[in-house]
Amino acid sequence: MAGKLPWVRAEIALRDAHNYWLVTVRPDGRPHAVPVWGVWFDGAFCFGTDRASRKGLNLERNPAVVVHLESGDDVVILEGRAALRRDADWIARLDQAFLAKYVNLGTGERYRVSQEPTVPAGRLGLFEVRPQRVLAWQEARFAESRTRWTFD
């Protein structure tokens, strides 16, 4: 497939993005889009949220999500299902990935996703989205660059 984008390029974009747009489905079927911080970690997009937030409630009812990077010119769109993770080893490794990536701009401290200060105790959900389908393209070369990957 000459001109198609390599998977490693999509992974680098997913790894290097600072903000991600997360789209969940409301109970009435309407989409709900919000920016979140996250990491590309062990082949999946991972993030945390208050399980009582709109996105948390949506995910409890319907785990289908779309994750879109910030750019509309250099596009990567991931479709998958968000799975709530609770295993301590995974959470400790996820924290290390967040610590390496994010700094709290107010305090200058590194950000540990498992200790999100704005989420009341017991309500934090840490989610993993394994890709089912990923779309990517470069707007300037749309016809030659549009690429789709599907996963089991």
Q: Could you please give the count of residues in the stretch 132-152 that are buried (at least 16 other Cβ atoms within 10 Å of the Cβ) and of a type in the set (S, T, Y)?
A: 2
(Q) I need the full set of residues from the stretch 37-63 which are touching a helix residue (DSSP H, G or I) at 6+ places or on another chain (Cβ under 9 Å) and surrounded by fewer than 16 Cβ atoms within 10 Å (Cβ to Cβ), in order please. (A) D42, G43
Q: Mind telling me which of the residues T107, T49 ends up being β-branched (V, I, T) and more than 13 Å from Y20 (Cβ to Cβ)?
A: T107
Q | Where a residue in the stretch 116-131 is under 16 Å from L22 (Cβ atoms) and open to solvent by 60 Å² or more (accessible area, probe 1.4 Å) and its partner, wherever it lies, is modelled with pLDDT under 90 and part of a loop (DSSP other than H, G, I, E, B), with Cβ under 6 Å and at least six apart | A | none
(Q) Restricting to the stretch 83-100, count the residues that are within 17 Å of A17 (Cβ to Cβ) and in contact with a Gly (Cβ under 9 Å, 6 or more places away or on another chain). (A) 2
**Q.** Every pair of residues 6+ apart whose Cβ atoms lie under 7 Å, when the first sits in the stretch 67-96 and is free of Cβ contacts under 8 Å to residues at least 24 places away in the same chain while the second is outside any loop (DSSP other than H, G, I, E, B) and open to solvent by less than 70 Å² (accessible area, probe 1.4 Å)
**A.** D95/V113; D95/S114
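The values are calculated or read from the model by the stated rules, or taken from the named source; none is laboratory data. Because the structure is predicted, anything quoted here is derived from the model rather than measured. Don't worry about glycine lacking a Cβ; one is built from the backbone with ideal geometry, like all the others, and counts go over all protein chains shown. Surface accessibility is based on the protein's heavy atoms, side chains included, excluding ligands, DNA and RNA. Shrake-Rupley method; radii C 1.70, N 1.55, O 1.52, S 1.80 Å.
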